[in-house]
Each structure stands twice: as structure tokens, then as C-alpha cells.
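Just so it is clear, none of the values below were taken in a lab; they were calculated from the coordinates. All of these numbers come straight from a predicted model, not from anything done at the bench. Heads up, the Cβs are rebuilt from the backbone with ideal geometry, glycines too, and the neighbour counts pull from every protein chain shown.
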Amino acid sequence: MKKPILLAAVAIAAAIVSACTLDDKLAVCITQEEAIEKFIENKYADSTVVVTESGISRILMVPGSGTAAQPGDSVIISYLGYIFNNGPGVQFTEGDTRAKLGGGVLVKGLDEGIVGMTRGEEAYIAFSARNGFFNESVGAIPHMTPLIYYVKLEDIYK
């Protein structure tokens, strides 16, 4: 009889601790989003900036043309990925890829940030850990890290 009560107490305590931890992590994400906003205001105030409902920022660097990429489209992109540190910090990846938007291939912030881009467009896409890898470390990227990618949308397939 004591063992089930002890297990229940441990489960409740773990739930309370993880709820506090989640709140702390979300507070970190809010701070990261504020830093991204400040970076954009200081460096790209005169640029075209699109911010999604999820807080992902796309800073237009080179305009493209044609139909905008939408969820469900396949895109070919070339990219450079950086850890955000008041702008592009340490580069952790680069490459070219083909991916279906909304297909779960790209990290959420990059996937959602590409929506609306047109063929030939180049942009920075910046987002907090909330839309990145959140509490997971991936390769050279520590957990709870904001990211910024430089993306060129090479082609779109409807």
C-alpha cells in the first residue's frame, strides 16, 4: 500500500518540477525573441521583415519573383545556418536541400520561415529555440539555442 502512494507522490513532484522547468524554458525563448527583434530594429530597420504568428522573422535581403512558396510545396534551398548571437554567430551548417514544406524535414522555424518566399529570394530567417530544437542538443547546437539561417530559395515545385 505504501509503494503506490510513494510512486504517486514522486510522479506529482516530477510533474511540478517539469512544469516549472518548461515555464523557465519558455521565458528563455521570449528573451531570445526580444533579442531577435532588437537585432532587426538595429540592423535592418529599413528592410522588409515578415514575422509569422509563431514569432519567426524573415528579413528580405534579395527579392525574388513569381509565385510564393506555400505549405505542401517542395522547395530547393541553399542555406547557411548560424547560432544566433545578436546576429549570425558561429556557423554550424551549410548546404542545399529539397524539402516539402510542412513535411517535417526541416526544423519548424526554417520550414515556416520559407513560406511566402519566391524563387530567387534570399533572406535571413531567425527564430528562438521554441521553433528550433528547443531542449535538444543537435550536433554542434546546444539545447535552448536561437538560430538564424541565410536562405536562398532556388526553386519551387507545386
- Query: When N is the residue count of the stretch 21-110, what does its C-alpha Rg come to as a fraction of 2.2 N^0.38 Å?
  - Reply: 1.21
- Note on the structure: Per the stretch 51-92, sqrt(5λ) over the Cα gyration tensor eigenvalues, sorted largest first, in Å, gives 23, 14, 12
- Note on the structure: Under the Karplus relation with 6.51, -1.76 and 1.60 and θ = phi - 60°, whole-Hz ³J(HN,Hα) for the stretch 57-70, x at Gly and Pro, equal 9, 10, 9, 5, 10, 9, x, x, 8, x, 6, 6, 5, 10
- Message: Using amide H atoms built in the peptide plane, which far-off residues or other-chain residues are under 5 Å from His143 H to H?
- Response: Ser137
- Query: Taking amide hydrogens as modeled 1.01 Å from N in the peptide plane, which residues meet the under 5 Å criterion relative to Asp73, leaving out close sequence neighbours?
  - Reply: Leu101
- Message: How big is the dipole moment of the chain about its Cα centre under a simple scheme where the beta carbon of each Lys and Arg is +1, that of each Asp and Glu is -1, and everything else is neutral? Debye, nearest 20, please.
- Response: 580
- Approximate spin-label separation Thr118-Asp155, in nm, with each point projected 7 Å along Cα-to-Cβ: 2.0
- So what is Rg over Rh here for the chain, counting just Cα atoms and using Kirkwood for Rh? 1.11
- In the chain, lysine pairs 8 or more places apart or on different chains with C-alpha atoms under 18 Å apart total 5
- GluC sites (Glu not before Pro) lying in DSSP loop within the stretch 116-155, provided at most 14 other Cβ fall within 10 Å: Glu136
